[in-house]
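Every number in this text was worked out from the coordinates using simple rules, so none of it is lab data. This is a predicted model, so every value here is computed, not measured. We place every Cβ from the backbone using ideal geometry, glycine too, and count neighbours over all the protein chains shown.
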Amino acid sequence: MAMIWLAANLVVTTLLTGTLFVPGLDYGTTLWMILLGTLGGAIVLTTIGNIGTRTGLPTMALTRGAFGTRGSFVPVAANLLVLMGWSWVQAMLAGVTVNHFVAGLTGFSNPILFSVLCEAAVVVLAILGHTGIAKVEPWLAVLMLAIIAWVFVSVFSTFAPSDFQAIPIDAEAGMTPVVAFDIVFATAISWTVLSADFNRLARSQRAGVLGSGLGYTLSTVVSMSLGATAIGYAILRGSDAVAFDPGVLVDAFGAPIAIVIFVSVMATNTMVVYGMTTSVVNARSGSRIRFLPVALVIGIVSIAGSTWLALLDKFTTFLTVIGAFFVPVFAIMIVDHYVVKRGTYTRDLLLPRAGRYWYHGGVNWIAIGVWVVGAITSALFTYVWPSPIGATVPAFVISAVLYLALMWRERGGNENRPAIHLADAGPAEAPSPVADAPSARPD
């Protein structure tokens, strides 16, 4: 589990996120915000992932517990949009990186073409080779860590840490410690949409929590710190440092960093496209939606979207939207499972109609309402009344407390109901795309 999460987040988007903070913040503060934001986000990620270990269900299927059988379609749709956005961004960054490298060697430049080719390769791998990628990806992480270690050695053999700390702060960049924390936290939230998908395969709750926590924390801190260090290195060398531009890294470190970017995108983006497909297939329990047609449609959309290079200029806005959408969702899910339902989801979660999670016409309007309040809170604290403690933590706490208060009457209904795991569900009950999950039991 640690290796899977290590590989998943050793990706160019995480690395380049680190370039957003310097020189808007000093180097030391940047590293602290990366660490604190990662640890805070990892708590949410592992807590949601643990529900997947307990139940054997992927993240979006678990939203039925709080939002209702039909109400879960809303976060599923939002999740599909978020994953599609990630897929586009990663394909574009891979394409821009390849284009930059090729242009330097041959003079030929066409970033849109290379972005499309990269995304097309990802779609083929997602349909035909996702199982192989899942097996190989952890070992690709070892290769990437070795190259990253070489980059750090090269950097600090040239400049001392005190040189990075002495880089003048650019106040016009608009970066503050709170904004940096929120961006790092939002990165964890963006990965939490897939946390149960991965952690449902853990052998035990302890393995899932420790593995995902250690793997995610290490990969995020290393990747973002590398990004902050790399742009600082470019500044110290007198180069034009542009945030969120892989060309800066390729110019500074050459082919090795280009290899890291390309390989990480191919591996991670394959699992993102696969995750989008399984989210649609599992949107409704017992549905007969087939994997291949969905994968082909999603593949076509993802390839077309990879031509929209202007999205790269809106990356921080993209992360802010993710935080506003999904921080309340995960706050609601955590309170619903661990407090309201007392750590138990029953077989009714697999029913296409009726049962405990049907609520009112298939929708838990309390969850929908709290989600809207949480999203508005996050937006207000980001754009209208900037909070001294950021937007993500207040939105999470407000959503959790409000949902618990409104659902208090539901407590106590699960004492004699057995927990559900797909290994215990009959073939007719279990959604086929995830029915092969191995048994995972509470320690």
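Compute the long axis of helix 177-192 from its Cα atoms, compare it with the longest principal axis of the Cα atoms of the chain, and write down the angle in degrees, 0 to 90, nearest 10.
50
If you average the C-alpha positions of the range 296-351 and of the range 165-210 separately, how far apart do those two centres end up, in angstrom?
After rounding, the separation between the Cα centres reads 14 Å.
Using the Kirkwood radius built from alpha carbon pairs, what does the Stokes-Einstein equation give as D for the chain at 25 °C and 0.890 mPa s, in µm² per second?
Details: Rh = 22.1 Å.
The diffusion coefficient I find is 111 µm²/s.
When only Cα pairs under 8 Å and 6 or more residues apart are kept, what is the percent relative contact order across the chain? Present the calculation step by step, with values, prior to reporting the outcome.
On the way: 760 pairs, mean separation 143.4, N = 443.
About 32 percent, as a whole number.
Quick one: the Cα spread of the range 319-407 along its three principal axes, in angstroms, biggest first?
43, 23, 22
Along Cα→Cβ, 7 Å out, is where each label goes; now give me the distance between the ones at F156 and V297 in nm to one decimal.
The modelled label-to-label distance comes out at 5.0 nm.
Label 7 Å along Cα→Cβ of D163; the range 198-239 residues with amide nitrogen under 18 Å?
Under 18 Å, as judged by backbone N against the label point of D163, lie 226-239 of the range 198-239.
Can you give the angle from 0 to 90° between the axis of helix 27-55 and the longest principal axis of the chain, with both taken from C-alpha atoms, to the nearest 10?
30
Can you give me the orientation-averaged projected area of the convex hull built on the Cα atoms of the range 220-263, in nm²? If you can, show how the numbers build up before the last one.
Numbers: hull surface 11.9 nm².
Directional mean of the projected Cα hull area for the range 220-263 stands at 3.0 nm².
For the chain, find the longest principal axis of its Cα atoms and tell me its angle to the long axis of helix 130-158, 0 to 90°, nearest 10.
Roughly 40 degrees between the two axes.
Round to the nearest 0.05 the FRET efficiency obtained for L406 and Y338 when R0 = 22 Å and r is the Cβ-Cβ distance. Kindly include the intermediate steps, with their values, before the conclusion.
On the way: r = 16 Å, r/R0 = 0.75.
According to the calculation, E is roughly 0.85.
Test of understanding: express the Cα radius of gyration of the range 37-105 as a ratio to 2.2 N^0.38 Å, with N the residue count. Before the final figure, lay out the partial values.
Working: Rg = 17.6 Å, N = 69, 2.2 N^0.38 = 11.0 Å.
Normalised Cα radius of gyration, the range 37-105: 1.60.
Subtracting the Cα-Cα distance from 0.36 nm times the residue separation, let me have the gained length for A120 to A255 in nm, one decimal. Mind dumping the intermediate values first?
Numbers: separation 135, 0.36 × 135 = 48.60 nm, distance 2.26 nm.
Difference between extended and current length: 46.3 nm.
Ranking T97, T382 by Cβ neighbours within 10 Å, fewest first, what do you get? Display every interim value, and only then the final one.
Values: T97 27, T382 21.
Taking fewest neighbouring Cβ atoms as first place, the list is T382, T97.
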